[in-house]
Number of protein chains: 2
Amino acid sequence: MRLLLIIGIGAGDPDQVTVQAIKALNRADVFFVVDKGTDKQDMVLLRQEICERYAGNRSYRMVSMPEPERDRRSPAYRQAVERWREERAGIWAEVIGAELADGGCGALLVWGDPGLYDSTLAIVEQIAGLPAMDLEFEVIPGISSVQALAARHRISLTQVGSPLYITTGRRLAEDGIPEHCDDVVVMLDASCSFTAVDPGTEIYWGAYLGTRDEILLSGTVRDVGGQIQAARGEARARKGWIMDTYLLRRAKANPA
Amino acid sequence: MRLLLIIGIGAGDPDQVTVQAIKALNRADVFFVVDKGTDKQDMVLLRQEICERYAGNRSYRMVSMPEPERDRRSPAYRQAVERWREERAGIWAEVIGAELADGGCGALLVWGDPGLYDSTLAIVEQIAGLPAMDLEFEVIPGISSVQALAARHRISLTQVGSPLYITTGRRLAEDGIPEHCDDVVVMLDASCSFTAVDPGTEIYWGAYLGTRDEILLSGTVRDVGGQIQAARGEARARKGWIMDTYLLRRAKANPA
């Protein structure tokens, strides 16, 4: 039997790693790292920093897994993602099958939390279902960017007895803010979909949360929407990539 | 100026505390502890264990804050909670004002994450608004019970490109599972409101997550709903309290 640990390592601040994650980092003989090319070099360095800081005093191997090209122009988003997952699963099964010995312990590090908009778990579940893999897996939760966002803005994501909706930029653009819901967290938004909501809506936005590049902006969409778009575009151009998330809070009908 | 740290300490497993939280625990001279009476003695002990394990080698004070009675029979839920918060804010302002010296650092420990259905932040924000308090505050995120639930069941809370709805038992009973949303996390449900959803819905339930009393059950509501109700009632009677949460996942219209 082989064991694979899926470890949430937080949103970017190495201090936001849990004791449980540190223990897990120290159990692994092999770290499997997805090679996304050069554009997210900062994240590769940050991940290395976490490994060195918390699992540095021992020997382990880093094994890279190539990333297949994803068809981002396909209108059938879900199908494109599923096809891409199939390809990734094939690669992972091959690499993990070859590099993780019987009785060995491997690890996959996940930014944020493995349970929130991350495909690692789905792929591991799929390859663990192949009898030839003889693979068990465990999941270690991590602080998500949503939590880092709320903490840095010093706000609660939820209001008393009210629901919270977590969605993607694509779905916000399609569905808007759902009825009977005043608080919406938006992730994976490449298109600043907040520009289409009621301009009185409050927005709490954050990018590169927990890192030294962190940017925080908040106010009504009317007041800070343009500023967020400008900051986002500038940072993305300068760094070559961006990770951001935000909370939308519906304007009160009768402000106190 | 006084500083108050609002520290998320995870859902129950002392290993799920972050390095950032440990550093914060070690900055505090005074821990303010809400005295909820005797019925959640386990949680008091667990919190003590966390303090001793991570901040044990130094001197600090524990100051208890009495908890006002909350009117749980009031039909006006939100108003009752808000009145209760006002009373708590008065008590906290008095105790913190008297016990936290100028230049001192206090801490409030929050189970789970301070941004998810927790009133600590709202109360601190309110008392920090009183000029006489001269109070600054910081928030440190923590692993929530929702994340502990997903990790222990080894599931993702989200599906590809789909939204996640986080709500309360009360709201689930009123609103049901919202349209266009297949995944609903339910917290603070004292009434097993999952019994009213389509019995084909999958449920992933967990209680006392991360502690030695942890219970996990999953399946369709049809298959395990009764079992969850029985386990919940039994555990609650035996221990005098329960903390549980669950994910509902809508049955696929066309099962593969």
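Quick notes on this structure:
- Unique match (being surrounded by fewer than 17 Cβ atoms within 10 Å (Cβ to Cβ), in contact with a strand residue (DSSP E or B) (Cβ under 9 Å, 6 or more places away or on another chain) and not in a strand (DSSP E or B)) among A:GLN229, A:GLN159, A:GLN147: A:GLN159
- Residues in the range B:183-242 that are among the β-branched types (Val, Ile, Thr) and at pLDDT 95 or above: B:VAL184, B:VAL185, B:VAL186, B:THR195, B:VAL197, B:THR201, B:ILE203, B:ILE215, B:THR220, B:VAL221, B:VAL224, B:ILE228.
- Condition met for A:ILE242 (surrounded by 15 or more Cβ atoms within 10 Å (Cβ to Cβ), farther than 25 Å from B:PRO178 by Cα and free of Cβ contacts under 8 Å to residues at least 60 places away in the same chain): yes
- Screening B:ASP118 on (1) at the interface with chain A (Cβ under 8 Å from one of its Cβ atoms); (2) under 24 Å from A:GLY210 (Cα atoms); (3) modelled with pLDDT of 95 or more; (4) under 15 Å from the mean Cα position of the chain (by Cα) shows it passes everything except condition (3).
- Options B:ILE6, B:ILE50; residue that is under 30 Å from A:ILE140 (Cα atoms) and in contact with a Lys or Arg (Cβ under 9 Å, 6 or more places away or on another chain): B:ILE6
- For the range A:86-107, filtering for residues that are surrounded by fewer than 23 Cβ atoms within 10 Å (Cβ to Cβ) and outside any loop (DSSP other than H, G, I, E, B) leaves 14.
- For the range B:163-212, a residue qualifies if it is within 9 Å of chain A (Cβ to nearest Cβ), closer than 26 Å to B:MET43 by Cα and without any contact (Cβ under 8 Å) to a residue 40 or more places away in the chain, and exactly one does: B:THR167.
- Residue check for B:THR211: of a type in the set (S, T, N, Q) and either closer than 18 Å to B:ALA148 by Cβ or not assigned by TED's automatic domain parsing to the domain that holds B:THR167 (or both): yes
- Where B:GLU138 falls short, out of the listed (1) charged (D, E, K, R); (2) away from chain A (no Cβ under 11 Å); (3) under 26 Å from A:GLY10 (Cβ atoms): (2)
- When we screen A:ARG78, A:ARG83 for residues that are more than 9 Å from chain B (Cβ to nearest Cβ) and at pLDDT below 90, the only hit is A:ARG83.
- The residues on offer are A:ARG73, A:ARG78, and the sole one that is surrounded by fewer than 15 Cβ atoms within 10 Å (Cβ to Cβ), in contact with a Ser or Thr (Cβ under 9 Å, 6 or more places away or on another chain) and over 26 Å from A:LEU5 (Cβ atoms) is A:ARG78.
The values are calculated or read from the model by the stated rules, or taken from the named source; none is laboratory data. Being a predicted model, the structure only gives us computed values, none of them experimental. In this analysis, Cβ positions are derived from the backbone assuming ideal geometry, glycine residues included, and neighbour counts consider all displayed protein chains.
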